[in-house]
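Input: a single structure, listed below in structure tokens.
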Amino acid sequence: MYEEDSTGTIDFATALRDAITARGITLARLRERLTASGNPVSAATLSYWRSGARRPEGPQSLAAVDEIESLLHMDAGSLRRLVGPSQRVGPIGTPQYPLAAALLESATAETFIALGAPVMDPGRDVSTTAVTEVGADGFVISRTTRTLLQSTAGTITNVPYLDLTPGVRTPAPIFSVVAGGRISRVHSHPSGEVHGAMFELERPLGPAQTTMLEWKLEFPPEYPPNAETGHGVARRARELVLWTRFHPDALPDWIEEVEETPTQAIVTPLFLDGATTIHQVRQAWGPGMLVLRWGFGARE
């Protein structure tokens, strides 16, 4: 019988050990045969795989696993399917505040603490798509954010998100979860410039594991007119997509993109070119904040 891990699946290391024992082959001999077949693996790596200290990562290692199945007379795919998802987090860089958040660094830190979160959360947004709906009055109605989350260290059960309005005092927006978790706590800083929510995930997220979370931000009637949207990341993200959808009866006369990083802000004019929506894309980008602003009449 193969052992099972905490998720109830067969353990790769145990399956490898049992297959090696069943064939009566040593690691040294297995390594020799792998090298002869054009799939060299070090003795130390094979030992790590067999003990469970590490597992195969990358195309070359997975090709070696395929060859091991053949050499040990295993069914094709019977060992490889036990490898599981990659445990590599990938390059994430040092977490930093973009410029807007840095201006509110104290209020941001206090809000994280009030939510029960570390000031720099160990999770990261791997891939995010944020869709903003703009009403007939030209102002934001809601923003829905769908994020692929990853733990960069330890186990994560909750993730915080903040809404920042530097220099503008606002009432609390309405946070809600569409899928992937629930709201466990909300907090508004006394300045009215930072509002946050803590999202409890549906299941704990272990090191390098990923999950999906979709949440929505809506603005109450007493909220100041808002002709701006955006999303910020504290670490490098693989992809960030902002899709802003304007009401066909209220297309703006001008649009500009603001790309903020910890060191600079770059403003670029954008154009609808006859469309009613506009999207912005960044890949392998961050830390920073990507913003879209618009207005009517001459640009002041």
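Any idea how many residues of segment 53-103 are assigned to a loop (DSSP other than H, G, I, E, B), at pLDDT 80 or above and open to solvent by less than 80 Å² (accessible area, probe 1.4 Å)?
7
Of the numbered conditions (1) in contact with a Phe, Trp or Tyr (Cβ under 9 Å, 6 or more places away or on another chain); (2) over 19 Å from SER142 (Cα atoms), GLU228 fails exactly one; give the number of that condition.
GLU228 satisfies all of (1) in contact with a Phe, Trp or Tyr (Cβ under 9 Å, 6 or more places away or on another chain); (2) over 19 Å from SER142 (Cα atoms) except (2).
Would you pick out the residues in segment 31-71 that are farther than 20 Å from THR14 by Cβ and among the acidic types (Asp, Glu)?
Within segment 31-71, just GLU32 meets the criteria.
Do any strands (runs of 3 or more DSSP E) lying entirely in segment 214-300 carry at least 2 residues that are open to solvent by less than 70 Å² (accessible area, probe 1.4 Å), small (Gly, Ala, Ser) and closer than 24 Å to ALA197 by Cα, and which ones are they?
228-233
Please enumerate the residues belonging to segment 204-213 that are under 11 Å from the mean Cα position of the chain (by Cα) and assigned to a loop (DSSP other than H, G, I, E, B).
ALA208, GLN209
Between PRO160, PRO166, which is within 20 Å of GLU105 (Cα to Cα), open to solvent by 20 Å² or more (accessible area, probe 1.4 Å) and in contact with a helix residue (DSSP H, G or I) (Cβ under 8 Å, 6 or more places away or on another chain)?
Of the residues listed, the single one that is within 20 Å of GLU105 (Cα to Cα), open to solvent by 20 Å² or more (accessible area, probe 1.4 Å) and in contact with a helix residue (DSSP H, G or I) (Cβ under 8 Å, 6 or more places away or on another chain) is PRO166.
Are any residues in segment 194-213 surrounded by fewer than 21 Cβ atoms within 10 Å (Cβ to Cβ) and either within 26 Å of PRO225 (Cα to Cα) or of a type in the set (A, V, I, L, M) (or both), and if so, which ones?
LEU201, ALA208, MET212
The values are calculated or read from the model by the stated rules, or taken from the named source; none is laboratory data. The structure displayed is predicted, hence computed values, not measured ones. So basically every Cβ, Gly included, is an ideal-geometry build from the backbone, and we count neighbours across all protein chains shown. Just the protein is used for accessible areas: all its heavy atoms, side chains included, with ligands, DNA and RNA removed. Shrake-Rupley method; radii C 1.70, N 1.55, O 1.52, S 1.80 Å.
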